[in-house]
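The values are calculated or read from the model by the stated rules, or taken from the named source; none is laboratory data. These numbers were taken from a predicted model, which means no experiment stands behind them. Here the Cβ is made from the backbone with ideal geometry for all residues, glycine too, and neighbour counts use every protein chain on show.
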Amino acid sequence: MSDSGNPEVHAEPTTFLRKWIFSVDHKIIGIQYYFLALIAVFIGLGLSVLMRLRLAWPNESWPLLEKIFPIGFDGGPMTPEFYLALMTMHGTIMVFFVLTTAPQGGFGNYFLPIQIGAHDMAFPVLNMLSFWVTFVSLGVMVAAFFVVGGAPISGWTAYAPLSALGEVAGPGLGAGQNLWIISIALFCLASLLGALNFITTVLNMRAKGMTLMKMPLTVWTWFTTAILALLSFPVLLAGGILLLLDRLGGTSFFIPGGLVVSDTIIEHSGGSPILWQHLFWFFGHPEVYIAILPGMGVASQLLSTFARKPIFGYRAMVVAIFAIGLLGFFVWGHHMFISGLSPLSALIFSVITLTIGVPSAIKTFNWLGTLWGGKIRFTTAMLYAIGFVSLFVSGGITGLFLGQTSIDVQLHDTYFPVAHFHMIMGVAALFGIFGGTYYWFPKMFGRMLNEWWGKFHFWITFIGVNAIFIPMHLMGIMGGLRRYAQSTEFKFLEPLQPYQEFVSIAAFITAAAQVIFLVNLFWSMFKGKKTSENPWESTTLEWTIPSPPPHDNFAGKIPVVHHGPYEYGVPGSPRDFVMQTDPPIDKNK
Amino acid sequence: MGSSLVSSKEGDQASYYSNEGGVTQSRKRNSRIGMWLALASISMMFTGFTSAYILGRGTNNLWQPINPPNYLWINTLVLLASSLTVELGRRATKASELKYWITVTCLLGITFLAGQLWTWNLLVNQGIYLAGNPHSSFFYLLTGVHGLHLFGGILALLYLTVRSWLFSSTLTQENTVLSTTALYWHFMDGLWIYLLILLFFWR
């Protein structure tokens, strides 16, 4: 039971700077993170559109683009190096600044304190620092485009020795790669501070009656995600420091001897490129669970609310969240099956990887169990939640293929893993963000998003992402190679070209459709239908306060919790839902 | 026990729960949990460095262990002493006692950091640099990162020292910054011992 009694609420800020820019209020910080992610996602989307252009029509000249990017389109068609730079930055920006930021930094910051009945996070000033360091980090990352040589070309995974050698190894690997590393290091620091905040807040600042097993599943996922971040980001930071030392300090942590690159003898010697892979992926695997877990929490929240049923198997869901988080630390080797791991370690990594399928399946069946027999309200948020489950299955199942060493040897570095991780991160996790947006927007802004345009956006996006990524699996099985700027060099890959074109066209349409979301978002902020405290008839604590919430969340009162988070359809209650703060129901009546 | 406001939202069921002692206790507990979490993440970073060290030692054929300059052992004693003094400061019952021990700790900490730089200087004079030899690379890396974290601790100690001299009545045993800094400082000490063992007894 927590030591409830929140540290006194910080005074309501009066100046513009303290209120909107350097705010310590978790709600403002949450919105700031959300908009940061929104900017990042459109940058990332733009990069992917350019990538798709090259893949579908590799030899085509684009005069307009040549005017904007003269070095990247030197002589007409996009150069392969530019493609790799786009690819690197697309991956980095999307994984870090969208998927690690919006669900956790955005919604987590805004709603975690409210959902547990607190006035704010445990460390409001640290919270503000976290956001601004993330902001600077994005700035540094984007700056990599504008230095001599441009953005790095080593992928979001920045494998050594390519990333460690400097300019001699290719464009963008000089100043661009340095900025990339610095940006990521800053991002690590910001994430660590944020994780500290989340964990301390959940452990120590829950309101009276809010026991751990009465917390909404969204809080459980934000909590577990924070633990993952706390323990995995430092290893990335360690790797980044070693990489920077190799590049600038003359060390050879990752650079082996005997390298001759671009007719230059590399003086470094003795290092191990595989060390980078271990360090990176020890972080990298928990990172992808950081990206998906909050979406799972949101899905549980939405499915329960809009099916008017308690979440099926709440306790199993909590255990599954922990199991996924814990197991996620022991599977990093499945990204390295072809790097020369011993068969024994490959076997261990493979078995543990497949084991993660168990808690994932439990969650999936429990979501279906929540829907079964429910009185479903098909709001936009609900469509996204159901879409999340669908895409989680589509994307997750192919993980089981890749988790088996024998199959992975064939599929590694093809489009198959690209399709897999896009399905699960680029789409399922994204649907979690969309669903959260449609659900919580009324609370954050006091107005409803337009439901009709929301549903239209959902259907185009849902069909679109399937059209983009399902064929990509086939391309991978056919042997289509990832990180190649074109498939046309190899005769055996010629059959791939029609697929590339189809995927690109589907991508353009789906990308264009996202403008609908953007317009809906901004228009509704100012002109949307005004809403009440609880438009969805939902049970958790954020729906007991005004929309938008007052500065200290609970208007001077701290809630006392009597019920679990998903009390829908409770016998003996006057309505089909019971708020967490409602008086206890007298079962003897 | 301080003020206790009661207001109800849903009839008589909800009650507002707040008191002065509760607020301070809660904030202190927040800081303690936060510091333990920070220490967990710092440990993970050094775990990453350790795995790099182990792998390097195992596979790098240029590995040539360097000999620790003798001054390093003296410096270690300095750091251990500072851990003792920070603990004495934390447990001090009188403001003057606290003031004395915190100042001594701060000075010892600065001495240690200066000592680390001196050790680096000794190595450079022997021709041992960051690059060239993997073991020396790790020496500079690990002592450097440790030193940076220690510097953060020194900043906290400086704050406490200044406060203890200027506002001695407000700095009491319960002060959250004091106990949190002491915890951090002990961890830095323990980390240093670990790094010494890694660098010079397991090479």
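Okay, here's what the table says:
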quantity	calculated
Scope the stretch B:159-175; condition of a type in the set (A, V, I, L, M, F, W, C), loosely packed, with under 13 Cβ neighbours inside 10 Å and touching a residue at least 40 places away in the same chain (Cβ under 8 Å); matching residues	B:W165
Pick from the stretch A:520-543, criterion touching a Gly at 6+ places or on another chain (Cβ under 9 Å) and assigned to a loop (DSSP other than H, G, I, E, B), ranking: surrounded by the fewest Cβ atoms within 10 Å (Cβ to Cβ)	A:T531
Test result for A:V560, within 14 Å of chain B (Cβ to nearest Cβ) and either under 19 Å from A:K309 (Cβ atoms) or in contact (Cβ under 8 Å) with a residue 12 or more places away in the chain (or both)	yes
Residues of the stretch A:178-215 classified as β-branched (V, I, T), more than 9 Å from chain B (Cβ to nearest Cβ) and either part of a helix (DSSP H, G or I) or more than 22 Å from A:D582 (Cβ to Cβ) (or both), total	4
Unique residue being on the phi > 0 side of the Ramachandran plot and either of a type in the set (A, V, I, L, M) or part of a loop (DSSP other than H, G, I, E, B) (or both) when the list is A:A485, A:A555, A:A512	A:A555
Residue check for A:V298: modelled with pLDDT of 95 or more, surrounded by fewer than 24 Cβ atoms within 10 Å (Cβ to Cβ) and either in a helix (DSSP H, G or I) or within 20 Å of the chain's Cα centre (by Cα) (or both)	no
Members of the stretch B:72-113 found to be of a type in the set (F, W, Y) and over 23 Å from B:L142 (Cα atoms), listed by number	B:Y100, B:W101
Residue list for the stretch B:1-55, restricted to those being modelled with pLDDT under 95, in a helix (DSSP H, G or I) and within 7 Å of chain A (Cβ to nearest Cβ)	B:G22, B:V23, B:Q25, B:S26, B:R27, B:R29, B:N30, B:L55
The stretch A:254-281, residues that are modelled with pLDDT of 95 or more, facing another protein chain (nearest Cβ under 7 Å) and either crowded, with 24+ Cβ neighbours inside 10 Å or closer than 20 Å to A:G170 by Cα (or both)	A:L279
Subset of the stretch A:413-467 (residues that are part of a helix (DSSP H, G or I) and touching a strand residue (DSSP E or B) at 6+ places or on another chain (Cβ under 8 Å))	A:Y415, A:F441
Answer residue from the stretch A:399-418, given it is crowded, with 19+ Cβ neighbours inside 10 Å and aliphatic (A, V, I, L, M) and is nearest to A:I324 (Cα to Cα) among those	A:L402
Test: residue in the stretch B:100-120 that is within 14 Å of chain A (Cβ to nearest Cβ), part of a helix (DSSP H, G or I) and within 30 Å of B:P65 (Cα to Cα)	yes
Selection from the stretch B:150-203 of residues that are assigned to a loop (DSSP other than H, G, I, E, B) and hydrophobic (A, V, I, L, M, F, W, C)	B:F167, B:L171, B:W202
Residue within the stretch A:223-232 that is surrounded by fewer than 21 Cβ atoms within 10 Å (Cβ to Cβ) and over 30 Å from A:E542 (Cα atoms) present	no
